[in-house]
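Here's the structure we're looking at; comments come further down.
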Amino acid sequence: MQFKHNKYISKSIISGFLTILILIILFFVSNYYNKQNNILYNNIKSIENKLHLLEKETINILNNTVERLNKNPDTNPFDNTYILQSLCDNGISLYAFYNDSLVYWTDNHVPLPEYSDFITNDTSLISQLKNGFYEIRSSKQPPWTITAYILIKSNYKYQNEYLTNSFNNKLNIPENTELSLSKNNINIYSYDNKFLFSLNKTGKFSYSSKISILIFVLYILFYCVLLYFIYCILNIFSKIKTNNNIFLIIYTVLLIFTRFVFYKYKILSPLYDTIIFSPQLYASSIFLPSLGDLFLTILTVIFIVLAFYNKLNITADNKKIQIIITIFSLIFYLALFGFFHYIIKSLVIDSSITLNPDNIFNLDIFSLLAYFIIIILIFLLTVAILKIYNLIFYNNEYFKQNFIVFISLVALFFIINLFTYLIDIKFITAFTVIFLTIIISYRLLNNDKITVKIFIAFALFSAYSTIILSQNFKIKEQEKRKLLALKLAKEKDPVAEYLFQQISTNILHDEEINELLHKTSYDENIISNKILEKYFDKYWDNFNIQLTFCNKYDKLNVQPFAVNVNCQDFFNSLVKDSIYSTTDKNLFYVDYGNSYKGYLGIINFNNKKNDINNSITLYIEFKPKFILKGLGLPELFVYQKTGFNTELADYSYAFYKSGTLIESYGKFIYPTC
């Protein structure tokens, strides 16, 4: 193809240069943060050296402690605040045994195994206990054995702001690192050259929100300049430039192909490690799996529409051809309007982004990005409606004809909806009203000032987008409330299940409780109060707890019907009909009736003669208080002041049984029936 010098040659050079420049900047930024990601591989020797220092320090402490105990066995060698704080900071716990009895210790951080498991050997220096991985070192001078546990990594079953599965901070091992007790590519050895554990990078590297935004902005600039570069290149070729129809076809195909290549092959892959290109914020389909992909797709459509706005100029003297142009233009605009409607709806329903139009002051950077996408879509529709108006409605000669075509097309859509329900009647109505309002306004104003036309279209589309946002936000809010109601109705508490296992064992072997129970006559209230005060405080404040002691012959008065039934039979029936069994064979999740679901714990106290007829069974009923619970599941072992569940903090809720109010919470006043 031949081409001659024109203004697009210089524009192509400039846009091409900018494309390469932004690409280089993007490469260096992502490469810098990827190096930060590879810090694990670059600092293996440093990690080993820091661990060796801890090991040597531990061995010195062990030897000194053994010597001190042999000289002064009745003096606690750990009774020093400075030493205890230093050991705690380094993640070291010490335990002193006299023969097989634990006598002195520095803390209770380590869940101690049986004494026989304390003795380490040359082949096993690392042990995985219930709450973490520890390197074990021992020093023995009979009758004393001092064992040290060096924390390598915590491994809690549940985590919160206090309990995190992190490495010993003295080792400076980066996040997203996995520990294994078998050899791998990255192996860590002790100071005496024994294998301890291996490390492996796990999961994708996550950029911070600020870095994600920076890389995303650079990527968008790169993409926009690239699309403009393609536009300039096509304008250089004279044969393509002079034939607008060929230009638009080629340009559209090239842009669609470019978008496909970026989507399929994830051009500049580091970008896809950012939160903007993850489904965490937004995902609606396989073609729009993230907020970033949505933005790139919309940019592609905008460049295509702008090209059509600048290049498309069809004139037809034949009425039939004009009708065909009108039909295709209206169908195209209807599809564009549908795309606009779908994206706004999807940004609410299919995303975790806050887009509440009634609370615009509580928005984060991603909310602003979503609103920016909506503004771009409004701009897109405005440009398209201006072009369609100039194309098929500006000419007075064909206005009536094209207007009739529009009305006929809308009527056809309504008829199709009557028989197939393929098209939402509300959507078609909104499209018709907005389209007619814009076209009639343009005709009545008879004003060629483009700013006035843009303002009218922009205002109408903005109003429509606000309505769609509000409607879908209400729909999402209703669904969220349904899920929360379901959660409240079926809520279980793995925290209570976990804690009950240890508490039930402690109660069963509590000598004071057993002594009181096996007296000829015992006071149930006194024993109940002792158990509640001793074992059920802090976390258990979330429950109403009732203790009932039963033997084989005791009767229980069941309210509200005042019926006397056998005590054990009553509770056994609850167990038989329990909703599910827990990990503890003596704890059951049961339905108490009247919308109350909770736990039933059973502890069997056998008398000293093992007489089954005179044995006593303690039934502990745990009925949840319908208050806002703490910070979620991982509040497990750490008690705080009662916090608020962020899901429920803004809601009022109530429980009804057969139309009667059972329990309510919040500011809203619920009717009693």
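Beyond 26 Å between alpha-carbons counts as too far, so tell me which of 170/201; 480/585; 345/597; 345/449; 519/597; 345/482 fall in that bin.
480/585; 345/597; 345/449; 519/597
I need the calculated FRET efficiency for the pair residue 390 and residue 253, taking r as the beta carbon distance and R₀ as 22 Å, to the nearest 0.05.
0.30
Determine, from the Cβ-Cβ distance of residue 408 and residue 479 and an R0 of 51 Å, the FRET efficiency 1/(1 + (r/R0)^6), rounded to the nearest 0.05.
E(calc), rounded to 0.05, equals 0.85.
Give me the extension gain from residue 349 to residue 372: residue separation times 0.36 nm, minus the current Cα-Cα distance, reported in nm with one decimal.
Result for the pair: 6.5 nm of gain on full extension.
Which distance in nm do the two modelled labels at residue 184 and residue 623 give, with both placed 7 Å along the Cα-to-Cβ direction?
5.0
Can you pull out the chymotrypsin sites (Phe, Trp or Tyr not before Pro) in region 395-461 whose DSSP state is coil and whose Cβ has at most 12 other Cβ atoms within 10 Å?
Within region 395-461, the qualifying chymotrypsin sites (Phe, Trp or Tyr not before Pro) (loop, at most 12 other Cβ atoms within 10 Å) are 421.
May I ask you to derive the FRET efficiency for residue 420 and residue 21 from their Cβ-Cβ distance with R0 = 41 Å, giving the value to the nearest 0.05?
0.20
Karplus couplings for region 45-54 from phi (6.51 cos²θ - 1.76 cosθ + 1.60, θ = phi - 60°), rounded to Hz, Gly and Pro as x?
Listing the rounded values in order: 4, 5, 4, 4, 4, 5, 5, 4, 4, 5 Hz.
Please report the accessible area of residue 305 (heavy atoms, 1.4 Å probe, ligands and nucleic acids excluded) in Å², nearest 10.
10
Roughly how many nanometres apart are two label points built 7 Å out from the Cα toward the Cβ at residue 670 and residue 243?
7.2
Within 15 Å, Cβ to Cβ, of residue 260, how many net charges do the neighbouring residues add up to if Lys/Arg are +1 and Asp/Glu are -1?
Result for the local shell: +2.
Roughly what would the spin-label model give for residue 525 and residue 433, points 7 Å off Cα along C-beta, in nm?
Calculated label separation equals 6.9 nm.
Karplus couplings for region 372-380 from phi (6.51 cos²θ - 1.76 cosθ + 1.60, θ = phi - 60°), rounded to Hz, Gly and Pro as x?
Per residue, the Karplus-derived 3J(HN,Hα) values read 5, 4, 5, 4, 4, 5, 5, 4, 4 Hz.
Longer than 22 Å from Cα to Cα, which of 426/476; 45/140; 387/453; 552/576 are they? Say none if no pair is.
45/140
So who's got an amide H within less than 5 Å of the one on residue 605, skipping anything under 5 residues away but keeping other chains? H placed 1.01 Å off N, in plane.
Residues meeting the amide H criterion: 616, 617, 618.
Under 1.5 on a/c is rounded, so check that first for region 421-471, then, if it is not, pick prolate when a/b is larger than b/c and oblate when it is not; a ≥ b ≥ c are the square roots of the alpha carbon gyration tensor eigenvalues.
In terms of gyration-tensor shape, oblate.
The values are calculated or read from the model by the stated rules, or taken from the named source; none is laboratory data. Nothing here was measured: the structure is a model prediction, and the numbers come from that model. Heads up, the Cβs are rebuilt from the backbone with ideal geometry, glycines too, and the neighbour counts pull from every protein chain shown. What goes into the accessible areas is simple: the full protein's heavy atoms, side chains included, and nothing from ligands, DNA or RNA. Shrake-Rupley method; radii C 1.70, N 1.55, O 1.52, S 1.80 Å.
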